[in-house]
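Worksheet: one structure, shown below.
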Amino acid sequence: MFKGAIVAIVTPFKKGKVDEEALRELIEFQITNGTDGIVPCGTTGESPVLSHKEHDRVIEITVDAVKKRVPVIAGTGSNSTDEAIRLTKHAYEVGADGALMVCPYYNRPTQEGLYQHYKLIADKVPIPIIVYNIPGRTGVNMTPETLARLAKIKNIVGVKEAAGSLQQMADIIRICGPDFSVLSGDDFFTFPLLCLGGHGIISVVSNVAPADMAALIDSFNAGNIKNARKLHYQLTPLVSSLFIETNPVPVKAALAMMGKIQYEMRMPLCKLSDVNYEKLKKAMQDYGLIK
């Protein structure tokens, strides 16, 4: 089962190209600070603007850099089932431990269409699959009932749930059973989801504060609810600042402030407004991440 504090890692760019050296350094920073898994090529990794060659390469670099110290869960979703199969096969062949697959976006398939999409990919590629439900980006919400159907397929092992509903999270946990990994797709919901019986987070804030997110989950699992709650409230202002504009723009700005990457993203994303940049800078200073 995938669990704990898993980072949705950014894809660093330098002069328009993937910055392989910076990516490897980010991975070491994550592992050193207790992160439980790495997700390359997710939303935070700007997967929609990576070429297939770049997408494959980022996964290869991540697998090589991690060296099995923590699981690598490669983002391989697409609104084309055939394309998702190709991406997932590549991740499996190069040694990824799992695949994170977003619900097909723009097409707006029915619940039956969603079920058949994931079922076919799971049949074609024997890699553990985490469904990524984020209706705010895809235009379609996977219901708990559809997830329960998918949970019966051996290699569909969990969900990154980002519909923004604690009720939906609770329903998934209730009907999918304890062996189905329910991970938050929103940093703010990490602590509430753990209280409901969830298993962790695929996190944006872990890019800049990995030790604290890992400590929150470790504290909760050790029964130290008071410390987990303290860390939840400690992280909340930082989490809010990292979503002041569209993810991953703020977190890339934050990592650049920390000197870890270049402040680059690909269009149609663009840099923060001056006002929001200063707000983010203050939040980073208040948290002690920069001077």
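Any read-out appearing in this document is the output of simple, stated calculations on the displayed coordinates, not a laboratory observation. All values reported here derive from a predicted model rather than from experimental measurement. Methodologically, a virtual Cβ is constructed for each residue, glycine included, from the backbone with ideal geometry; neighbour enumeration extends over all protein chains shown.
Laid out as a table, the results:
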{"quantity": "Subset of region 176-210 [over 20 Å from residue 135 (Cα atoms), among the β-branched types (Val, Ile, Thr) and either within 10 Å of the chain's Cα centre (by Cα) or in a helix (DSSP H, G or I) (or both)]", "calculated": "205"}
{"quantity": "Verdict on residue 233 being within 30 Å of residue 250 (Cα to Cα) and free of Cβ contacts under 8 Å to residues at least 12 places away in the same chain", "calculated": "yes"}
{"quantity": "Residues (surrounded by fewer than 20 Cβ atoms within 10 Å (Cβ to Cβ), under 18 Å from the mean Cα position of the chain (by Cα) and of a type in the set (S, T, N, Q)) located in region 229-254", "calculated": "236, 240, 246, 247"}
{"quantity": "Residues of region 267-291 classified as closer than 27 Å to residue 15 by Cα and assigned to a loop (DSSP other than H, G, I, E, B), total", "calculated": "10"}
{"quantity": "Count of residues meeting criterion [of a type in the set (Ser, Thr, Tyr), surrounded by 22 or more Cβ atoms within 10 Å (Cβ to Cβ) and more than 15 Å from residue 161 (Cβ to Cβ)] in region 183-220", "calculated": "1"}
{"quantity": "Search result, residues across region 43-72 that are of a type in the set (Lys, Arg) and either touching a helix residue (DSSP H, G or I) at 6+ places or on another chain (Cβ under 9 Å) or not in a loop (DSSP other than H, G, I, E, B) (or both)", "calculated": "53, 57, 69"}
{"quantity": "Residue satisfying condition, being touching a residue at least 12 places away in the same chain (Cβ under 8 Å), crowded, with 21+ Cβ neighbours inside 10 Å and in contact with a strand residue (DSSP E or B) (Cβ under 9 Å, 6 or more places away or on another chain), within set 153, 73", "calculated": "73"}
{"quantity": "Region 121-142 - residue that is of a type in the set (S, T, N, Q) and not in a helix (DSSP H, G or I) and, of those, surrounded by the fewest Cβ atoms within 10 Å (Cβ to Cβ)", "calculated": "141"}
{"quantity": "Subset of region 3-34 (residues that are under 13 Å from residue 203 (Cβ atoms) and not charged (D, E, K, R))", "calculated": "4, 5, 6, 7, 8, 9, 10, 30, 33, 34"}
{"quantity": "Those residues of region 95-113 which are in contact with a strand residue (DSSP E or B) (Cβ under 9 Å, 6 or more places away or on another chain) and buried (at least 17 other Cβ atoms within 10 Å of the Cβ), in sequence order", "calculated": "96, 97, 98, 99, 100, 101, 102, 103"}
